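The structure that follows is given in the form of structure tokens.
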Amino acid sequence: MFKLIFILSVGYLTFQYASAATDKVICYYQSWSSSSFAPSDIDANICTHVNYAFLGIKSDGSLRLDGDDNVIKKLSAVKKKHSKLKLLFSVGGWSEGSSTFSSVAGSSTKKAKMASSAIEFLKKYKFDGIDIDWEYPAKRGGKSADKKNFVDMLKVLRKKLKAKGYLLTVAVGSGPESDSYDVSKIAQQVDFINVMTYDFHGASEGKTGQNAPLYASSKDSKWEKDNANCAAAMKNWKNKGAPTSKLILGLAFYGHSYKLKNSKNHNLGDPISGDNGQLAYSQICKLKDGWKEVWDSQQKVPYKYKGTTWIGFDNPRSIKEKVKYAKKQKFGGVMMWAVDQDDKSGSCGTKHALLQEIKKNL
């Protein structure tokens with residue numbers, strides 16, 4: 001009897017250990033970047049999941065494909081060569097907004113239509129699941145009822161998808177705002193939660209700021225220290241009721257660029273006069289002649305500047321720090337926006353430098 005109990009206990013512990021492993025690498029792929037970064041350029045030996053961005057959502061709840069399906073078919077071809085790879089449709093995104101999601105989530109008929117439409121897409125293209133990227137419930141044209149209705153939407157999707165063996169995941173904002181997310185109830189319905197731990201600072205602040213700092217800066221306000229960095233955001237999601245094993249840390253394969261007011265004032269928190277937009281890592285890593293790169297030892301991310309241009313971004317060193325952090329915290333894995341922003345050709349040294357850093361440290 002003791003032997004049986006011991007075997008069962010060891011088996012249970014082994015299962016617990018396996019299920020708690022930091023082993024997922026969720027690679028968001030921007031469908032509009034296919035001309036410069038084809039689906040076949042994705043390293044499916046590292047990515048465990050590829051999320052196609054994006055499908056839209058119609059007013060009746062059915063899912064919408066903008067343009068043709070060539071990219072989707074090419075992703076399916078990648079899966080044929082890598083049978084363990086999981087492909088998901090990410091639904092929504094920033095440009096989709098919130099109002100249509102809000103309308104669909106508030107209607108039983110529309111939610112049912114959404115679920116049946118999702119099944120149709122998954123069957124047609126042999127994908128493995130759906131990722132809901134609603135940006136954001138109760139905001140940007142949404143309603144206060146979105147918080148509850150979002151959970152109800154996930155319940156309807158979960159019931160239909162689980163019956164067919166499909167995955168259901170969500171992409172969420174870095175802050176688990178109480179008016180948008182019922183965290184523990186969301187966690188009950190999904191396989192994992194992709195936390196968008198980037199875009200913490202922007203030009204509206206009037207000063208330079210890191211796009212995706214791992215930790216806080218001594219220059220941060222109390223609110224920023226408690227919210228505007230990866231470690232704080234993940235802690236907040238965990239404290240709100242999300243199981244550690246379902247939390248996926250977001251990595252930025254891009255940076256934010258600003259125009260400095262004075263080229264002599266180029267440190268963190270110095271005044272800016274405007275926004276110079278986003279740059280992919282594959283672009284940033286090539287900026288060498290005349291550029292000065294600085295490692296932010298507090299926030300564990302770099303920035304670089306030249307003249308009046310300042311860029312906060314991630315490089316292999318900062319990705320290593322974040323992956324090590326994710327492992328230490330026993331998160332379910334990491335995801336990145338977006339895999340097609342990596343240095344695929346190795347023009348800066350190593351092919352897929354950021355993705356390779358994930359592999360080495362995960």
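Nothing in this text is a laboratory measurement; each read-out follows from the coordinates by a stated rule. Not measured: the values here are computed from a predicted model. Quick reminder, even Gly has a Cβ in these numbers, built from the backbone with ideal geometry, and neighbours come from all protein chains shown.
Under 4 °C and 1.567 mPa s, how fast does segment 149-212 diffuse according to Stokes-Einstein, given a Kirkwood radius computed over C-alpha pairs? Answer in µm²/s, whole number. Numbers along the way, then the final one.
On the way: Rh = 13.6 Å.
Diffusion coefficient, whole number: 96 µm²/s.
Do the alpha carbons of any pairs in Lys24/Lys160; Lys160/Lys240; Lys111/Lys246 sit beyond 29 Å of each other, and which pairs? Don't skip to the end; give the middle numbers.
Numbers: Lys24/Lys160 24 Å; Lys160/Lys240 27 Å; Lys111/Lys246 24 Å.
Pairs exceeding the cut-off: none.
Looking at the chain as a GNM with Cα springs under 10 Å, which of Asp340, Asp60, Asp69 has the largest mean-square fluctuation?
In this elastic network of the chain, the residue with the biggest mean-square fluctuation among Asp340, Asp60, Asp69 is Asp69.
Residue by residue through segment 215-228, what is 3J(HN,Hα) from phi via Karplus (6.51 cos²θ - 1.76 cosθ + 1.60, θ = phi - 60°)? Round to whole Hz and write x for glycine and proline.
10, 6, 9, 5, 7, 5, 6, 4, 4, 5, 4, 8, 9, 9
While we're on this one: Between Lys74 and Arg317, what FRET efficiency follows from the Cβ-Cβ distance if R0 is 45 Å, with the result rounded to 0.05?
Details: r = 32 Å, r/R0 = 0.72.
Once rounded, the FRET efficiency stands at 0.90.
By what distance, in whole Å, do the Cα atoms of the chain stretch along each of the three principal axes, largest value first?
65, 58, 43
Next question, about the same structure. Pick from Ser35, Ser245, Ser282 the residue whose mean-square fluctuation is largest in a GNM of the chain, springs joining Cα atoms under 10 Å.
The residue that fluctuates most here is Ser35.
Sticking with this one: Please report the spacing between the Cα centers of segment 184-206 and segment 68-122 in Å, no decimals.
The distance from the Cα centre of segment 184-206 to that of segment 68-122 comes to 19 Å.
So, in nm, how far is label Asn45 from label Asn239 when the simple model puts each one 7 Å beyond its Cα toward the Cβ?
4.2 nm
Only Cα pairs within less than 10 Å get springs; with that Gaussian network setup on the chain, which residue of Ser144, Ser116, Ser257 has the largest fluctuation?
In the Gaussian network model the winner is Ser144.
Please give the contour-minus-distance gain from Arg140 to Ser218: 0.36 nm per residue of separation, less the Cα-Cα distance, rounded to one decimal in nm. Intermediate values should be presented prior to the final figure.
Values: separation 78, 0.36 × 78 = 28.08 nm, distance 3.19 nm.
Full-extension gain reported as 24.9 nm.
While we're looking at this one, here's another question. Grab the Cα-Cα distance for Thr309 and Thr350, subtract it from 0.36 nm times how many residues apart they are, and report the gain in nm with one decimal.
On the way: separation 41, 0.36 × 41 = 14.76 nm, distance 2.56 nm.
Answer, rounded to one decimal: 12.2 nm.
Which distance in nm do the two modelled labels at Gln298 and Ala163 give, with both placed 7 Å along the Cα-to-Cβ direction?
Output for this residue pair reads 5.4 nm.
Another question about this same structure. Go through the cysteines of the chain and tell me which have no other cysteine Cβ under 4.7 Å away.
Lone cysteines by the Cβ rule: Cys230.
Say each of Lys84 and Arg64 gets a label point 7 Å from the Cα, pointing the same way as Cα to Cβ; how far apart are those two points in nm?
3.8 nm
Mind listing P(r) for segment 243-329? All alpha-carbon pairs, 10 Å bins, whole percents.
All Cα pairs considered, the percentages come to 16, 45, 27, 11, 2.
Could you work out the pair-distance distribution P(r) of segment 296-343 from its alpha-carbon pairs, with 5 angstrom bin width and percents rounded to whole numbers?
5, 16, 23, 23, 19, 8, 4, 2, 0
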